[in-house]
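The values are calculated or read from the model by the stated rules, or taken from the named source; none is laboratory data. Note that the structure is a prediction, hence the values are computed from the model and not measured. So basically every Cβ, Gly included, is an ideal-geometry build from the backbone, and we count neighbours across all protein chains shown. Please note that ligands, DNA and RNA were not included when accessible areas were found on the heavy atoms of the full protein model with its side chains. Shrake-Rupley method; radii C 1.70, N 1.55, O 1.52, S 1.80 Å.
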Amino acid sequence: SKAEMGHTCRGTINLATANITVEDSCNFIISNGGAQTYHLKASSEVERQRWVTALELAKAKAVKMLEESDDSGDESVSQTDKTELQNTLRILSSKVEDLSTCNDLIAKHGTALQRSLSELEALRLPPDSTDKIKQVNERATLFRITSNAMINVSLRPEDPTVGKVPTSMLSTVSPQACRDFMLLAQTHGKKWQKSLQQERDQRIRLEETLEQLAKQHNHLERAFRGATVLPASTASTGGSGKDLCCPAKGDLSDEDDDNNEFFDAPEIFPMPDIMGHKRTGSNISGTSSDISLDEQYKHQVEDTKKEKRTRIPYKPNYSLNLWSIMKNCIGKELSKIPMPVNFNEPLSMLQRLTEDLEYHDLLDRAARCESSLEQLCYVAAFTVSSYSTTVFRTSKPFNPLLGETFELDRLEENGYRSLCEQVSHHPPAAAHHADSKNGWTLRQEIKITSKFRGKYLSIMPLGTIHCVFHSSGHHYTWKKVTTTVHNIIVGKLWIDQSGEIEIVNHKTGDKCILKFVPYSYFSRDVARKVTGEVMDPSGKVHFVLLGTWDEKMDCYKVQLGTGDNGAEARPRAHEAEDNRVLLWKRNPLPKYAENMYYFSELALTLNAPENGTAPTDSRRRPDQRLMENGRWDEANAEKQRLEEKQRLSRKRREAEAARATEDGKAGLSDRDVPPWCPPRALTPLCPPGTPYDPYKPLWFERKKDPVTQELAHVYKGGYWESKEKQDWSLCPDIF
């Protein structure tokens, strides 16, 4: 603001004296010639030039305004409210008028008083009274001189009253005058009026700027929505995948469309047709609030073999003060914080885990590869693809209840079926098993550890993911990277992935190292960048991977030269472009995905009611169903009921275990030791202070993995047989 022109606050640069220099195609520098320097980066050369031009124009305007300010001699504009200034000026004018009236009255009555005293002094009175009258006359004269001095009326030398007051008394007259104050107030009043006018002008300019920004924001939103729903076939193809000063994801506008180029690479690996999820229509758009939940469920059930829903009820616009909930949660584990459904999406963590299979076709291709190194490239692409759904998904999934399950049977459409079960509640852990008739098995046990740090939330998945290919016997393992949610309290939420993933083929010794580069404002790399190297057991690099975790992954084959190691054998840039292969590309989001929690096509189908699922299936969870239908207040109440029911069940199990221990019936083996206790053959009980919860998962059992030597929950079978018989008698009542 103009108020900072005279006393600049720390961190600002006065445009009138700023130096603007261009560093390269995307970067430029603004400095004040001293310690304050800004290094700014644009997403493209065109955007950089727009910024530089706008800043140069603003600098010229600032110089002109500074010159006008110097010529007029105006002081800096006050930030006082316009109404308050007007009231102050009105009161000040009224007080000055009152002072002027008092001035006239003091002069009139003072003169009359002195005339009366002079007449009294001329009378013949006793000697004692004459001295008294003289003393009173002197005091009256002093009062008149003081009053005149106060209102800045100078006394003439010939005034007869001057000689009647001692010099020592005249020296005590105050030099402060009302007339000086009145002149000063009038002078500043004019300046305040001018400042007020400048404030009005500035407000008009701000309103115009705000209107322009609103129009630009609306334009960008429309452009972004149009870009997110474009089919993949609309992207132009070419022979190069190189990104030159690639713009940030999502920052799209019509003005930049002519300046962006998109390329697809030729494919040299055998890539069969992708078996996509079949989408034919929708049969759900919300339900009436006066229908019971069971009736809703029956009404919404659809035949998963024939059609999949393509939309869900739009997310309602409910406001909630995040800070009022999160301020007492700093440093705590997120899984132990009671959160309202306002921060959730209508999917559970088990369903989010199942979303890893959205790009299952990558594993289908990998199963057909004859080369183990090429197979590892597809496994690495599958690993990266599991993060593509998180780029816009800033909402939290529901924490599954202990014993909750989720099945996804796509055996006929896509050749696989999947089962998840919540096997532990504290710490929260979910086991996942997926089989495909195309020749692969995927299993994992993920424990979520999360910490809220005030400004950001760190989510650290613990556990190993296993992928086994049936025909070759290749067994791959890897772990997930850390997910960080930024701007938890203030600003727009955004998600970043960072860390390294090591994918190991335990049969051949082949290895792939993937590096997820954390976002940095000052980095010239493309945002959400992922790099990787595929190497044999000797360390030779055979393939190099490059891409982003939210868009696509490419690879190129390293042409080995005279060197013996991968570093010496890496190709030059133009050679890399010739060998580049597109491994994976993210599917476009459905239309109006921004109103449906940014769900992908697969995510939209996960919570659709299905016949024949287990009573513990996430689709039957009532609070999640209420939230999906927009009844959030009822969902919050239902969520509290379910959590309280789970706590009571846990206390009941602990009490039963305590009674069994007292009766000497608690002879436990290693299989009976709960997940958080180390297996000990001689000591059956947990460490002191740890409550023993004798809960056993229904479909998974805890075993030591022969490859990683880790204890993990492995699918023990029986679920699909129970589903075929519709025998769910073993399932607990958790809902």
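The set of residues in region 16-42 that are in contact with a Ser or Thr (Cβ under 9 Å, 6 or more places away or on another chain) and among the polar types (S, T, N, Q) comprises Asn19, Thr21, Ser25, Ser31, Asn32, Gln36, Thr37. Among the residues of region 715-733, the one identified as open to solvent by less than 40 Å² (accessible area, probe 1.4 Å) and either under 38 Å from the mean Cα position of the chain (by Cα) or under 22 Å from His475 (Cβ atoms) (or both) is Gly717. Among the residues of region 17-62, the ones that are assigned to a helix (DSSP H, G or I) and under 16 Å from Ser523 (Cα atoms) come to 2 in all.
Let's see how each residue does on (1) at pLDDT 95 or above; (2) open to solvent by 20 Å² or more (accessible area, probe 1.4 Å); (3) in a helix (DSSP H, G or I):
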position	(1), (2), (3)
Asp578	no, yes, yes
Val581	no, no, no
Leu589	no, yes, no
Tyr598	no, yes, no
Pro609	no, no, no
Glu643	no, yes, yes
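In region 355-434, counting only strands (runs of 3 or more DSSP E) that sit wholly within it, the ones holding 2 or more residues that are open to solvent by less than 10 Å² (accessible area, probe 1.4 Å) and at pLDDT 95 or above span 405-410, 416-424.
Condition check: modelled with pLDDT of 90 or more, among the basic types (Lys, Arg), open to solvent by 40 Å² or more (accessible area, probe 1.4 Å) and not in a loop (DSSP other than H, G, I, E, B). Does Lys515 satisfy that? Taking the combined requirement at face value, the residue satisfies it. The set of residues in region 577-626 being touching a Cys at 6+ places or on another chain (Cβ under 6 Å) and β-branched (Val, Ile, Thr) consists of Val581, Thr616. With respect to Arg671, is the statement that it is at pLDDT below 65 and over 23 Å from Pro400 (Cα atoms) true? Yes, satisfied. Note on region 587-639: residues that are in contact with a Ser or Thr (Cβ under 7 Å, 6 or more places away or on another chain) and among the aliphatic types (A, V, I, L, M) total 6.
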